[in-house]
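Reviewing the structure listed below.
The values are calculated or read from the model by the stated rules, or taken from the named source; none is laboratory data. Keep in mind it's a predicted model, so treat the numbers as computed, not measured. FYI the Cβ positions are ideal-geometry reconstructions off the backbone, even for glycines, and counts take in every protein chain you see. Quick note on the areas: whole protein, heavy atoms, side chains included, nothing else; ligands and nucleic acids left out. Shrake-Rupley method; radii C 1.70, N 1.55, O 1.52, S 1.80 Å.
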Amino acid sequence: MKIAFIASEGVPYIKSGGLADVVGALPNALAALGHQVITILPRYAAIDGNRHNLAQSVSPLGVWMGDALEWCAVQQARNGAVATYFIESDKHFSRWGLYHDADFNDYQDNARRYSFFTRAALQLCRDIGFAPDVVHAHDWQTALAPAYLKIWHWNDPVLGGSASLLTIHNIAYQGVYSFDSYNYLGLQDGNFTTDKFEDHGRVNFLKGGIVHADLVNTVSPTYALQTRTPEFAHGLAPYLNDKGERYLGILNGADYQNWDPATDPLLSANFTNADLSGKAVCKRELQKRFLLEVDASIPLVGVVSRFVPQKGLDLLAATIERMVIEMRVQFVMLGSGEKSLEAIFGSLPARYPGRIGSFIGYHEENSHWIEAGSDFFLMPSRFEPCGLNQMYSLRYGTLPIVRATGGLDDTVEQYDEASGSGTGFKFWEPSANAIYYTTGWAVSTYYDRPEHMQKMIQAAMQQDFTWEKSARHYEAAYRTAIEYKRRLG
Ligand code: ADP
């Protein structure tokens, strides 16, 4: 099959979250299965053109928006077997951030920026004569692609036969904008209705994408079920339910090239499930790095996260002191985001020296150290479409303590105290108490049932969430999308 990925970020060029990992890995996994995949990204100022050998491609590219013709250039690079194109428009993408400025204020013209990018990506397919069997769009930023295909390109010699798949990586972000930009978007007046783009007088990109896509998926089976309910869907449950069988969940893969304790170059000692001595070295180093008491016998709980309400770290903040006071346990935290949480977690090491360590900011190397050197990895998320860190933790023999939601529920198997089976510790209630008691359960297992710990570590390290497995599911999804397009037009 020929597949065009249209996305707002992708590894190794530009990353702000898990979406970039998917857009970096999945096309290569599909190419390995024999498919021809191209990826189209915006040419952000933050992309290092020299490092990635960006070369000029089609230029200029004329893009019809609803009320104007705009011009842009295109650059090109190669990521493994996948050709990647970059839509270059200084007006839209030559600025500090991807979606917001340095103070986390969303750019006011995001509706224009990403509708332009999406239309330009489709125009690029036409100009280079790449006729995709499937256009694969991601999140609100490119959710208009399925709509543009149906509204503008249904009869096009290049794009007329293209089916569309829209992947929702996080339904909390929908791209909802004022009506002012509607003419520019080129979605046609008759489509500003509640069953398409209209959302309380505003334009909702993701909703329009869901309605128009031949097939929609999200990144884990449980999150697919949850987002069919009002509690999780942020208003879009009716539209997802309307899709019926055309909405499904496909679990993300984990990138074991970058996240494998046997080969991880960022660690000073490597290890496998057959020889865990390197993990003990990593724990000692991690304790030293974060100025914790260097003692192999104290259980160490790691956290790496964006500090946003989704991740439930406010609940952890409410109980972490009680835990270090009442339990013989250490914590190491890495993350950034909400200023109030940065202040709390940033100040705890001074108040509990030797027991809590933290680093406020983004730090790739520390994240590997925490995965490798911790005994447990805590993710108390309120919701989690898939989650990557728990998959990495499993591979590093670091047992996840997770709220049983979304992908966390799908990837972690609950500990059974009778048999010692399982790969982690799950709780259901989003509360500080649940974090307290479940962490306590993990800590008591560490002290009282070390043989169960060893059994779980072995089971955890043998879990396999390869991208190849996910790619096969996507392959089937593409065929389904093509079939629906054939049947329903
Ligand atoms: P989300 O995409 O919602 O942030 P995921 O678990 O899917 O959550 O992916 C988060 C990714 O970002 C992981 O690879 C994680 O290690 C990384 N990450 C998050 N915060 C930091 C940080 N402060 N430093 C280094 N890596 C981080």
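Take the residues in segment 373-401 that are aliphatic (A, V, I, L, M) and open to solvent by less than 10 Å² (accessible area, probe 1.4 Å); name whichever of them is farthest from the ligand (Cβ to nearest atom). Spell out how you get there, then give the answer.
Of the residues in segment 373-401, the ones aliphatic (A, V, I, L, M) are 378-379, 388, 391, 394, 399, 401.
Those still in the list that are open to solvent by less than 10 Å² (accessible area, probe 1.4 Å) too: 378, 391, 394, 399, 401.
Numbers: 378: 13, 391: 8, 394: 13, 399: 16, 401: 15 Å.
Applying the filter and picking the extreme gives 399.
Applying the selection to segment 43-76, what residues are in contact with a Ser or Thr (Cβ under 7 Å, 6 or more places away or on another chain) and within 19 Å of residue 132 (Cβ to Cβ)?
74, 76 - these are the residues of segment 43-76 that are in contact with a Ser or Thr (Cβ under 7 Å, 6 or more places away or on another chain) and within 19 Å of residue 132 (Cβ to Cβ).
Search segment 309-338 for residues being β-branched (Val, Ile, Thr) and in contact with a Leu (Cβ under 9 Å, 6 or more places away or on another chain), and hand back the single one that is nearest to the ligand (Cβ to nearest atom).
Per the stated criteria, the residue is 332.
Does segment 240-271 hold any residues that are touching a residue at least 40 places away in the same chain (Cβ under 8 Å), out of contact with any strand residue (DSSP E or B) (no Cβ under 8 Å at 6 or more places or on another chain) and open to solvent by 30 Å² or more (accessible area, probe 1.4 Å), and which are they?
Those that are touching a residue at least 40 places away in the same chain (Cβ under 8 Å), out of contact with any strand residue (DSSP E or B) (no Cβ under 8 Å at 6 or more places or on another chain) and open to solvent by 30 Å² or more (accessible area, probe 1.4 Å): 251, 255, 256, 260, 266.
Can you find a residue that is buried (at least 20 other Cβ atoms within 10 Å of the Cβ) and closer than 22 Å to residue 331 by Cβ anywhere in segment 220-233?
No, there is no match, as no residue in segment 220-233 is buried (at least 20 other Cβ atoms within 10 Å of the Cβ) and closer than 22 Å to residue 331 by Cβ.
What residue, of 131, 143, 120, is within 20 Å of the chain's Cα centre (by Cα), in the same structural domain as residue 37 (by TED's automatic domain parsing) and modelled with pLDDT of 95 or more?
When all the criteria are applied, what remains is 143.
Hey, any hits in segment 352-359 for a residue that's open to solvent by less than 20 Å² (accessible area, probe 1.4 Å), within 16 Å of the ligand (Cβ to nearest atom) and under 22 Å from the mean Cα position of the chain (by Cα)?
no
Which of the numbered conditions does residue 55 fail, given that it passes all the others? Conditions: (1) at pLDDT 95 or above; (2) buried (at least 17 other Cβ atoms within 10 Å of the Cβ).
Here residue 55 meets the rest and fails (2).
Return the total of residues in segment 413-457 being open to solvent by less than 60 Å² (accessible area, probe 1.4 Å) and either farther than 17 Å from residue 322 by Cβ or among the polar types (S, T, N, Q) (or both).
Residues flagged as open to solvent by less than 60 Å² (accessible area, probe 1.4 Å) and either farther than 17 Å from residue 322 by Cβ or among the polar types (S, T, N, Q) (or both) within segment 413-457 amount to 21.
When you check residue 222 against the structure, is it out of contact with any Phe, Trp or Tyr (no Cβ under 9 Å at 6 or more places or on another chain) and either within 16 Å of the ligand (Cβ to nearest atom) or aromatic (Phe, Trp, Tyr) (or both), yes or no?
Working: out of contact with any Phe, Trp or Tyr (no Cβ under 9 Å at 6 or more places or on another chain): yes; either within 16 Å of the ligand (Cβ to nearest atom) or aromatic (Phe, Trp, Tyr) (or both): yes.
Yes; evaluated as a whole, the condition is true for this residue.
Among the helices (runs of 4 or more DSSP H) lying completely within segment 298-370, list those that include at least 2 residues that are under 25 Å from residue 171 (Cα atoms) and touching a residue at least 40 places away in the same chain (Cβ under 8 Å). Full working, then the answer.
Values: elements: 313-317, 320-326, 339-351.
Per the criteria, 313-317.
Please go through (1) open to solvent by less than 20 Å² (accessible area, probe 1.4 Å); (2) within 16 Å of the ligand (Cβ to nearest atom); (3) touching a helix residue (DSSP H, G or I) at 6+ places or on another chain (Cβ under 6 Å) for residue 305 and return the number of the only condition it doesn't satisfy.
(1)
Of the numbered conditions (1) away from the ligand (no atom under 14 Å from the Cβ); (2) surrounded by fewer than 18 Cβ atoms within 10 Å (Cβ to Cβ); (3) not aromatic (Phe, Trp, Tyr), residue 63 satisfies every one except a single condition; which is it?
With (1) away from the ligand (no atom under 14 Å from the Cβ); (2) surrounded by fewer than 18 Cβ atoms within 10 Å (Cβ to Cβ); (3) not aromatic (Phe, Trp, Tyr) applied to residue 63, the lone miss is (2).
The conditions are (1) within 12 Å of the ligand (Cβ to nearest atom); (2) over 15 Å from residue 440 (Cα atoms); (3) open to solvent by 10 Å² or more (accessible area, probe 1.4 Å); (4) modelled with pLDDT of 95 or more, and residue 370 fails exactly one of them. Which is it?
The one condition residue 370 does not meet is (3).
Which of (1) loosely packed, with under 15 Cβ neighbours inside 10 Å; (2) more than 20 Å from residue 481 (Cβ to Cβ); (3) out of contact with any Gly (no Cβ under 7 Å at 6 or more places or on another chain) does residue 71 not meet, given it meets every other one?
(3)
Filtering segment 1-48 down to residues that are in a strand (DSSP E or B) and within 16 Å of the ligand (Cβ to nearest atom), which residue is farthest from residue 92 (Cα to Cα)?
My answer is 10.
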